[in-house]
Structures are given as C-alpha cells and as structure tokens.
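The values are calculated or read from the model by the stated rules, or taken from the named source; none is laboratory data. As the structure is a computational prediction, the values presented were derived from the model and not from experiment. Virtual Cβ from ideal backbone geometry, glycine too; neighbours counted across all protein chains shown. Calculation scope for accessible area: heavy atoms of the full protein, side chains included, ligands and nucleic acids excluded. Shrake-Rupley method; radii C 1.70, N 1.55, O 1.52, S 1.80 Å.
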Amino acid sequence: MSVTTLEVPLSSHHPAAVLFDMDGTLVDSEKLWDVALQELAKEYGGELSVDARQSIIGTAMAESMRILHDDLGQPERDPEISAAWINTRILELFRSGLPWRPGAFDLLRAVRAAGIPTALVTSSPRALVEIALDTLGRDNFDTVVAGDEVVAAKPHPEPYLTAARLLGVPIERCVAIEDSPTGVASALASGAAVLAVPAEVALPSTVGVHQMESLTGADLDLLAALLTDRAAATG
C-alpha cells in the first residue's frame, strides 16, 4: 500500500478533538470476532464465508446478524437470538485480553498529554465496550459512543456527530480515526477529517481520507496537517 505524506505547516492548530474507533483501530479485536462468528455459524450447521465476514466488519450487530443469516441461507433466524449468543461469547473472549494495534497506544497517549479531548466511537455495544475499557483505560476518553446508544449506526454519520456534540466541539475541527469501510464512510459523512488505518479489509483510495499502514509514527503534527489539508480541499 502506498502511503502519502502530508505537508505539515509550520504553524498549525491541534484538532478540537480526536475521535477513535475501537475494533481494529485501537485494539486488535477483529480476530476475536472471527472466533465468535465462526462458532455461531458452526452452531447453525454452516461456515461463514470470507466475503460475508469482510462485509460484517464495522457494522452494527443487527446488520451483522442479517449478513450472517443470509450467508448461511437461513434468513428466517431471529437476529436478536443470534446477537445474544454472539454477545455472550465475545464478552468471554474480550475478558481474555485485548492487544493494542501498532502505534495506537502511543498516539492516544500523545493526544491525552496534549490536553486534546477524545472520544471512543464504536459499533460495539456498551457492555462490550466496558470490558474493552479495562485495556483502553477509562480515563483516556472524555466520552464514549457505543453502537447500541445511537439511532443510526455506522455508516450513518450519527455516531461521530454525537461524539462531537457530547464534547462540545465542531465536527469539522475533529479528526476521526478508523479502519473499516463502514467506519470511514461514517466519519467522512460527519464532516470530520479522516485518518484510515486498514486492518482486516483493504480500503479504496478516497478523496478526503488519508491512509496509513499503521498508526506507528502518527503524531500531533500529522493530525494538525489532516485538518489543514481538509480545510484547503473544502475551500
């Protein structure tokens, strides 16, 4: 993957807030979701296809279960029952520990040290987020927007707009960091500057989205440059 380099202006302003996705962005939890989803598929007598698994990444639970059921040829199944099964299993897996994605902890620590407000904006339900926060650190986020706390989930912009509203900052002065097509679409539609770090799924080159192979080396100057670049592009 080619990584473009932004020109960092000599005089730049920090973001009003940095909005972090969770799964695949801060922590390498998608592999745990793989385990739970494949176990449920096996429970139903099938196997989740690669294409369906990739489609699920970044989606809300109800949509994830619809994709799984359709992929197995069992659209009649109750998504709430399947979601309850997945939630129980993924809670067990999350309690076993969550590894940080490369560079994620260092960037989060740098943002907090600079006094920049932060939000965790995730499609995962609140019960799961509470366990993840044992790894992420509750004090590292000024607000959390979980997937079951919004009316319209990603790729709708509501999760990111909600985070900016709760922080009391303009969304156009925020940087959102994502890893999935669904999350990137949500962040971009909200009006935030977007930094994308693909994890399980390759991302297409998209106007207004800056891609990096990992968060290793990402710093405050880069985040400031993203805002400057976005402002120049929007005139």
(message) So for the chain, averaging the separation of alpha carbon pairs under 8 Å that are six or more residues apart and normalising by length, what relative contact order in percent results?
(response) 28
(request) Could you state the accessible area per residue of the stretch 1-155 in Å², with a 1.4 Å probe and every protein chain left in place? (result) 48
(message) With just the Cα atoms defining each centre, how far is the stretch 14-57 from the stretch 142-178? Give it in Å.
(response) 20
(request) Quote the convex hull volume per residue of the stretch 64-179, based on C-alpha atoms, as a whole number of Å³. (result) 124
(message) Probe radius 1.4 Å, ligands and nucleic acids ignored: give me the carbon and sulfur share of the accessible area of the chain as a rounded percent.
(response) 53
(message) Nearest 10 degrees is fine. How inclined is helix 30-43 to the longest principal axis of the chain, computing both from alpha carbons?
(response) 20
(request) Compute the label zone of residue 232 within the stretch 173-193: residues whose backbone N is under 16 Å from the point 7 Å along Cα-to-Cβ. (result) 193
(request) Give, in nm to one decimal, the length gained when the segment between residue 214 and residue 31 is fully stretched (0.36 nm per residue of separation minus the Cα-Cα distance). (result) 64.2 nm
(message) Could you check the spin-label model distance between residue 80 and residue 138? Points 7 Å from the Cα along Cα→Cβ, value in nm.
(response) 3.0
(request) Using Cα pairs closer than 8 Å and at least 6 residues apart in sequence, work out the relative contact order for the stretch 108-213, in percent. (result) 20
(request) Using per-residue counts of other Cβ atoms within 10 Å, averaged over each peptide, order 84-91, 41-48 from highest down. (result) 84-91, 41-48
(request) Quickly work out the residue 106-to-residue 13 label distance, labels modelled 7 Å from Cα along the C-beta direction, and quote it in nm with one decimal. (result) 2.9
